[in-house]
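To start, the structure itself, in structure tokens.
The values are calculated or read from the model by the stated rules, or taken from the named source; none is laboratory data. None of the values given here were measured: they were computed from a predicted structure. Reconstructed Cβ throughout: ideal geometry from the backbone, glycine too, with neighbour counts over all protein chains shown.
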């Protein structure tokens, strides 16, 4: 009788788990020659992203979350037109040659292309997809379970299966529908996120002041779809609803000022629909109310708010404050874990 072969995804999962276990063994330890790459080079789209990557590398090395004795570098792509992975590779090699001369050819190098702003992973657009938290690449996140990554959730809040919460705080009266993504947020008031919601908060530096804005839409919305004229805005869909209908619910008019950037490339990415608030919690609450208004077909006027597009939010992003917020959550989780370990020891 022929042996039953496991499906390819099983072999892939097992191989990934072996590599992750091996990487865990190397974390925080000096690596010997041949155990790891000699150089890890990460590419960045611009100077702000370069700064974000360097700061996160510093934090991870301090926490001993990376192998030690490795040369870690971040190389920013040249300003101007996008040069793609091929051009970015050449630029990175030039940088390595400047740093190490002919010696770099003898190194084992891992080059990770991480430029761009993650259209497919907008929650990673601010600090970069290279440092996005992952649920070990296993089946921990599925339509039957939920994932909590570096977050603090009150035991009385409700999180439906299939949803992911990263770098966030959720208080008791928060209900999260199925298959949602919540990132960098703080929800302290009573709130109900509809199923298939995407909510991601950013810290902003505007005119020297710290502000906050939260992008919110449906996980299945096509942020890259664009139209050339205002009359075609009706072809865009937000949370599965005609975008014109959403604008009517929010009491916003269809004008050129509604969109940032190129006025012949209009999309949800460039639509100025996300309020700027003075606190993180207010920002999240306001954007969730936007989603609730669409779901309930009720009016929620945005006329009194300063509004930004996702494109503009990334321009104004305050990397230092976002990293500090993540660090605060990390430290609180670590403290809670130590206290728990003491109680059971």
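Every residue in segment 312-345 that is within 15 Å of residue 184 (Cα to Cα) and outside any helix (DSSP H, G or I), please.
Listed by number, the residues that qualify are 317, 318.
Just checking, how many residues over segment 293-314 are in contact with a strand residue (DSSP E or B) (Cβ under 8 Å, 6 or more places away or on another chain) and surrounded by fewer than 17 Cβ atoms within 10 Å (Cβ to Cβ)?
Selection size over segment 293-314: 2.
Tell me which residues, restricted to segment 11-50, are in a strand (DSSP E or B) and not assigned by TED's automatic domain parsing to the domain that holds residue 92.
Our first condition is that a residue be in a strand (DSSP E or B); within segment 11-50, this holds for 30, 39-44.
None; the set is empty.
Which numbered condition in (1) surrounded by fewer than 22 Cβ atoms within 10 Å (Cβ to Cβ); (2) in contact with a helix residue (DSSP H, G or I) (Cβ under 6 Å, 6 or more places away or on another chain) is the only one that residue 177 fails?
For residue 177, the exception is condition (2).
Restricted to segment 180-220, and to residues that are surrounded by fewer than 18 Cβ atoms within 10 Å (Cβ to Cβ) and within 12 Å of residue 239 (Cβ to Cβ), which residue is farthest from the chain's Cα centre (by Cα)?
195
When the residues of segment 226-246 are filtered to those that are assigned to a helix (DSSP H, G or I) and out of contact with any strand residue (DSSP E or B) (no Cβ under 8 Å at 6 or more places or on another chain), which remaining residue is farthest from residue 310 (Cα to Cα)? Walk me through it before giving the result.
Keep residues of segment 226-246 that are assigned to a helix (DSSP H, G or I), which gives 230-235, 243-246.
Checking which are out of contact with any strand residue (DSSP E or B) (no Cβ under 8 Å at 6 or more places or on another chain) leaves us with 231, 244-245.
Numbers: 231: 22, 244: 18, 245: 20 Å.
Restricting to residues being assigned to a helix (DSSP H, G or I) and out of contact with any strand residue (DSSP E or B) (no Cβ under 8 Å at 6 or more places or on another chain), the top hit is 231.
Spot the failing condition for residue 333; the list is (1) without any contact (Cβ under 8 Å) to a residue 60 or more places away in the chain; (2) not assigned by TED's automatic domain parsing to the domain that holds residue 201, and only one is missed.
(1)
Residue 74 versus (1) under 22 Å from residue 324 (Cα atoms); (2) at pLDDT below 90; (3) not in a helix (DSSP H, G or I): which is the lone unmet condition?
(2)
Regarding segment 254-272, can at least one residue be identified that is in a helix (DSSP H, G or I) and exposed (fewer than 14 other Cβ atoms within 10 Å of the Cβ)? I'd like the intermediate steps shown before the answer.
Residues of segment 254-272 that are in a helix (DSSP H, G or I), as a first pass: 256-258.
Now restrict to residues that are exposed (fewer than 14 other Cβ atoms within 10 Å of the Cβ): 256-257.
Yes, the conditions are met somewhere in segment 254-272.
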